[in-house]
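Reading through the structure tokens given below for one structure.
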Amino acid sequence: MIAILLGLGASANAQAIPWTKEEMASPWNAQRIFEPSSQPDLTNPESREEIPPEDMPVKTRQQPGYEPVGIRAGSWMFNPSLISGGFFDSNVFSSNTEKRADLAAVFEPSLRAHTLWERHGIDLKLDAQSTVYKENSSLDQTNASLKGNAWFDIAHDLAVLTNFQIAHLNEGVGSLNSPANAITPTPYDLLSGDVTLRKQFNRLTTSVGFRTDSYNFGSARAQDGTIINQDSRDGQIYSLHSRVDYAFSPVLGWFGGVEGNQRDIRGLPGHTLDSQGYRTLSGVTVSLGNLVSGEFGAGYVQQRFVDPTIGTIDGPSYRARLTWRPTRLLDVNFKAEQLVTQTSVTSATGVLANAMQIGLDYELRRNVIVSLAGGYETDSFFGQTRKDKVTTSDARVKYLLNRFSSISAYYQFTARNSDIPVFTYDKHLMGLNVTAQF
């Protein structure tokens, strides 16, 4: 079975299906049509009560006395924050031949600004991240981005949803998208935007929208000092998407999503990476109060490449996500997914990834959150006789001191075993961060 991931905007990661992703609050799931959406609340809006913190997900809940204060200016609220810390990496180049350990410092300022309007809303975030290594300065990198979400209520059941991102980012050395033998991150500029119209008909919710992503890649440097040009990855991705959700009851629903895309990727002379394709996914959503929630879907994808040496990739796909909350102090999350993503090596048209991941978040105290996770993934490469197996684990502890500061410590382990020995490696990452916020 083969599935196509329509888009290249995922952060650089050793896995094709990464653990972490930025949380987006409702109603932004209408713009992420292949992401799980919560069951609609069918109760009378006038009789609904505010959800208490203890019924929110453990990882995102804000306990009274620990939420940020913010700076109010009229109908706007501003929340500045600063993360500083460091980490130890046992294998900075993700290599089995050039194993080098190093220490690095991280500095990450950010500013969030959002409106306090009753109907419409705007949410903006400006952030930067600078990483400086002690011994291997070639790995130093700075990322910066401006993200924005907005929603405009045309009527009580009709809204326009928009988002955008302007960013300068880097793909880390050793990630699947990083060129082979690179000793520097690969910088790129990203410009993306989405406009979606969302309509509700009591139990039925529909959305239709358009998205565009534009990429401009820089160059990386190889071990022998040569420049690795990445202009072949420049291009734009255009997509039309639509999703329908129907709630049979407060505990059971159905969803269907479809997305068509046009990908104009430069490629190499005589070997363009232009393609057209689509992806569909349909299934059920379940929500048993605060105990169990999940979404299970299956579908079909097709991506037809202009280059006849690549041809057409198509086939069925699947995804399953489940959250179990046995108590208000513990969340257990499970995820299984299959997709295809491209690599920087044009001789390999893509990577078929199958992954299973399980994690838990535990509220040890009101201000102490413990998170544990583990995953297993298989990556099969098109155009190569290569198959990789990836094992990962992640452990984190976050201690909220007060409204203005917190401390977090983490440990990550990654082991990639490949049929091609040069791509086999393992690495340990341990870090400590201090966050100041207002």
Flag if Ser371 is in contact (Cβ under 8 Å) with a residue 12 or more places away in the chain and touching an Asp or Glu at 6+ places or on another chain (Cβ under 6 Å): yes
Residue, modelled with the highest pLDDT, within the range 379-393, restricted to residues that are assigned to a loop (DSSP other than H, G, I, E, B) and open to solvent by 40 Å² or more (accessible area, probe 1.4 Å): Thr385
Failed criterion for Arg416 (all others in (1) touching a helix residue (DSSP H, G or I) at 6+ places or on another chain (Cβ under 7 Å); (2) at pLDDT 95 or above hold): (2)
Among (1) aromatic (Phe, Trp, Tyr); (2) open to solvent by 30 Å² or more (accessible area, probe 1.4 Å); (3) modelled with pLDDT of 90 or more - the single one Tyr318 does not satisfy: (3)
Cβ pairs under 7 Å, 6+ apart, first in the range 172-194 and at positive phi, second in a loop (DSSP other than H, G, I, E, B) and open to solvent by less than 30 Å² (accessible area, probe 1.4 Å): Gly174/Ala14; Gly174/Phe93; Gly174/Ser94
Test: Ile227 is surrounded by 15 or more Cβ atoms within 10 Å (Cβ to Cβ) and of a type outside the set (Lys, Arg): no
Near pairs, Cβ below 6 angstrom, 6+ apart or cross-chain, from the range 331-348 (farther than 18 Å from Pro269 by Cα) to any residue that is modelled with pLDDT of 65 or more and of a type in the set (S, T, N, Q): Asn333/Thr323; Lys335/Gln357; Gln338/Ser317; Gln338/Asn354
Given (1) modelled with pLDDT of 90 or more; (2) touching a strand residue (DSSP E or B) at 6+ places or on another chain (Cβ under 7 Å); (3) open to solvent by 30 Å² or more (accessible area, probe 1.4 Å), index of the condition Gly74 fails: (2)
Whichever residue in the range 87-114 is aliphatic (A, V, I, L, M) and touching a residue at least 40 places away in the same chain (Cβ under 8 Å) and, among such residues, is least open to solvent (accessible area, probe 1.4 Å): Val92
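Restricting attention to the range 115-127, does a residue exist that is part of a loop (DSSP other than H, G, I, E, B), under 20 Å from Pro68 (Cα atoms) and open to solvent by 20 Å² or more (accessible area, probe 1.4 Å)? Full working, then the answer.
Applying the first criterion (part of a loop (DSSP other than H, G, I, E, B)) to the range 115-127 yields 116-120.
Applying the additional criterion that residues be under 20 Å from Pro68 (Cα atoms) yields 116-117.
Now restrict to residues that are open to solvent by 20 Å² or more (accessible area, probe 1.4 Å): 116-117.
Taking every residue of the range 115-127 in turn, at least one turns out to be part of a loop (DSSP other than H, G, I, E, B), under 20 Å from Pro68 (Cα atoms) and open to solvent by 20 Å² or more (accessible area, probe 1.4 Å).
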Output for the range 253-272, where each listed residue is under 30 Å from Pro52 (Cα atoms) and surrounded by fewer than 18 Cβ atoms within 10 Å (Cβ to Cβ): Trp254
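So which residues in the range 66-80 are outside any loop (DSSP other than H, G, I, E, B) and among the β-branched types (Val, Ile, Thr), if there are any at all? It would help to see each step written out before you state the result.
Our first condition is that a residue be outside any loop (DSSP other than H, G, I, E, B); within the range 66-80, this holds for 71-73, 76-80.
Result: Ile71, single match.
Going through Ser239, Ser275, Ser287 one at a time, which residue ends up being modelled with pLDDT under 90, under 24 Å from Asp189 (Cα atoms) and open to solvent by less than 40 Å² (accessible area, probe 1.4 Å)?
Going through Ser239, Ser275, Ser287 in turn, just one is modelled with pLDDT under 90, under 24 Å from Asp189 (Cα atoms) and open to solvent by less than 40 Å² (accessible area, probe 1.4 Å): Ser275.
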Answer from Arg396, Arg365 - the residue that is open to solvent by 30 Å² or more (accessible area, probe 1.4 Å) and free of Cβ contacts under 8 Å to residues at least 12 places away in the same chain: Arg365
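Select from the range 401-411 the residues that are open to solvent by 60 Å² or more (accessible area, probe 1.4 Å), part of a strand (DSSP E or B) and aliphatic (A, V, I, L, M) and list them in ascending order.
Taking the range 401-411 and keeping what is open to solvent by 60 Å² or more (accessible area, probe 1.4 Å), we get 401-404, 407, 411.
Right, trim to part of a strand (DSSP E or B) and you get 407, 411.
Of everything in the range 401-411, just one residue is open to solvent by 60 Å² or more (accessible area, probe 1.4 Å), part of a strand (DSSP E or B) and aliphatic (A, V, I, L, M), namely Ile407.
Okay, residues lined up against (1) touching a helix residue (DSSP H, G or I) at 6+ places or on another chain (Cβ under 8 Å); (2) under 30 Å from Ser137 (Cβ atoms); (3) among the basic types (Lys, Arg):
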position: Ala159; (1), (2), (3): no, no, no
position: Gln165; (1), (2), (3): no, yes, no
position: Asn170; (1), (2), (3): no, yes, no
position: Leu176; (1), (2), (3): no, yes, no
position: Pro179; (1), (2), (3): no, yes, no
position: Thr184; (1), (2), (3): yes, yes, no
position: Asp189; (1), (2), (3): no, yes, no
position: Gly193; (1), (2), (3): no, no, no
position: Ile237; (1), (2), (3): no, no, no
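Can you give me the number of residues within the range 412-430 that are under 22 Å from the mean Cα position of the chain (by Cα) and either surrounded by fewer than 17 Cβ atoms within 10 Å (Cβ to Cβ) or of a type in the set (Asp, Glu) (or both)? Don't jump to the end; show me each part of the working.
The initial filter retains those residues of the range 412-430 that are under 22 Å from the mean Cα position of the chain (by Cα), namely 412-416, 427-430.
Now narrow it down to the ones that are either surrounded by fewer than 17 Cβ atoms within 10 Å (Cβ to Cβ) or of a type in the set (Asp, Glu) (or both): 413, 415, 428, 430.
Residues flagged as under 22 Å from the mean Cα position of the chain (by Cα) and either surrounded by fewer than 17 Cβ atoms within 10 Å (Cβ to Cβ) or of a type in the set (Asp, Glu) (or both) within the range 412-430 amount to 4.
Anything in the range 290-311 that is within 20 Å of Leu273 (Cβ to Cβ), assigned to a strand (DSSP E or B) and open to solvent by less than 60 Å² (accessible area, probe 1.4 Å)? List them, or say none. Let's see the steps before the verdict.
Filtering the range 290-311 for residues within 20 Å of Leu273 (Cβ to Cβ) gives 301-311.
Of the ones still in play, those that are also assigned to a strand (DSSP E or B) are 301-305.
Residues satisfying the conditions are Val301, Gln302, Gln303, Phe305.
The values are calculated or read from the model by the stated rules, or taken from the named source; none is laboratory data. Only a predicted model underlies this, so the values are computations on that prediction, with no experimental measurement involved. Note: ideal-geometry Cβ built from the backbone for every residue, glycine included; neighbour counts use all protein chains shown. The protein model used for the area step is the full one, side chains on, heavy atoms only, and it has no ligands, DNA or RNA in it. Shrake-Rupley method; radii C 1.70, N 1.55, O 1.52, S 1.80 Å.
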